[in-house]
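What follows is a set of notes on a single structure, which appears directly below.
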Amino acid sequence: MRASDLSKLEKDPKFRKASIPKMFWFKKPAIYPPSALLFVALLGLLYLLNIDSLITLQAIPFVVLLLLGAIWLKATKKHFQTSMFKKDGTFKLCLAQIFDEKDKNYYMVSTLSDKRHDKHFISDLGKKASIESPEITHSESGHNTENSVFIKAIKKTDILKLYPNKKIGDFIVLNYLDKQNVILVKPKYLNF
């Protein structure tokens, strides 16, 4: 895939929406109140079903709670997505090279600089990189802020599900959402 294709894909709104991990917004505490409202509404409806009063006026408050909870949950999810879209430094597609294999993980190196789509630059980084490399330090978050080079460990099984023939020295495209969320880009979006 060419660097221009990666740049276009970074700006594509459909790709951005599809690339947000499904479980990412469940980790936020703001999701608990609408979830609790849905839980109460479902318990009430199940109770009414159990006592054979589901089709009565008693069910109206629980149906209203169910609708309010569903709307609130959808609005909260939409808010998290739009706030993530507006955050600076998110949704950067980075070409990464697998440089090591250890403990059922593949280690890959990439950069967040303007050269993040340059295959030759990433290849040079891959030659220098090691897990204990003094030039490229590996931090807990997987991101080194001094020179914007990061090393990411991803389970072999996750990579081999999407890319069955990948091995050390091959390139993969990562989507850098933020320090905690660096995910693999599915091959359907790429034309390698």
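Checking the conditions here, which among Ile55, Ile71 is under 28 Å from Lys28 (Cα atoms) and β-branched (Val, Ile, Thr)? So that I can check it myself, show each step before the final result.
Numbers: Ile55 fails: under 28 Å from Lys28 (Cα atoms).
Selected residue: Ile71, the only one of Ile55, Ile71 that is under 28 Å from Lys28 (Cα atoms) and β-branched (Val, Ile, Thr).
Any residue at all in the range 114-121 that is modelled with pLDDT of 85 or more, open to solvent by 30 Å² or more (accessible area, probe 1.4 Å), hydrophobic (A, V, I, L, M, F, W, C) and out of contact with any strand residue (DSSP E or B) (no Cβ under 6 Å at 6 or more places or on another chain)?
Yes, the range 114-121 has at least one match.
Check off (1) open to solvent by 70 Å² or more (accessible area, probe 1.4 Å); (2) within 16 Å of Thr82 (Cβ to Cβ) for Ser19 and give me the number that stays unchecked.
Just one mismatch for Ser19, condition (1).
Quick one: Pro33 ticks every box in (1) open to solvent by 100 Å² or more (accessible area, probe 1.4 Å); (2) over 22 Å from Gln180 (Cα atoms) except a single one, so which number is it?
That leaves (1) as the condition not met.
Can you give me the number of residues within the range 65-95 that are at pLDDT 90 or above and open to solvent by less than 70 Å² (accessible area, probe 1.4 Å)?
Residues that pass the stated criteria total 7.
For the range 47-54, indicate whether the set of residues that are open to solvent by less than 60 Å² (accessible area, probe 1.4 Å) and either touching a residue at least 12 places away in the same chain (Cβ under 8 Å) or on the phi > 0 side of the Ramachandran plot (or both) is non-empty. Break it down stepwise before answering.
Filtering the range 47-54 down to residues open to solvent by less than 60 Å² (accessible area, probe 1.4 Å) leaves 48, 53.
Of the ones still in play, those that are also either touching a residue at least 12 places away in the same chain (Cβ under 8 Å) or on the phi > 0 side of the Ramachandran plot (or both) are 48.
Among the residues of the range 47-54, at least one is open to solvent by less than 60 Å² (accessible area, probe 1.4 Å) and either touching a residue at least 12 places away in the same chain (Cβ under 8 Å) or on the phi > 0 side of the Ramachandran plot (or both), which makes the answer yes.
The conditions are (1) outside any strand (DSSP E or B); (2) modelled with pLDDT of 80 or more; (3) open to solvent by less than 40 Å² (accessible area, probe 1.4 Å), and Pro164 fails exactly one of them. Which is it?
(3)
Looking only at the range 7-57, which residues are of a type in the set (S, T, N, Q) and assigned to a loop (DSSP other than H, G, I, E, B)?
Step one: of the range 7-57, the residues of a type in the set (S, T, N, Q) are 7, 19, 35, 50, 53, 56.
The answer is Ser53, Thr56.
The values are calculated or read from the model by the stated rules, or taken from the named source; none is laboratory data. Owing to the predicted nature of the structure, the values given are computational and were not obtained by experimental measurement. Reconstructed Cβ throughout: ideal geometry from the backbone, glycine too, with neighbour counts over all protein chains shown. Each accessible area value is taken on the protein alone, full model and side chains, heavy atoms only, with ligands, DNA and RNA left out. Shrake-Rupley method; radii C 1.70, N 1.55, O 1.52, S 1.80 Å.
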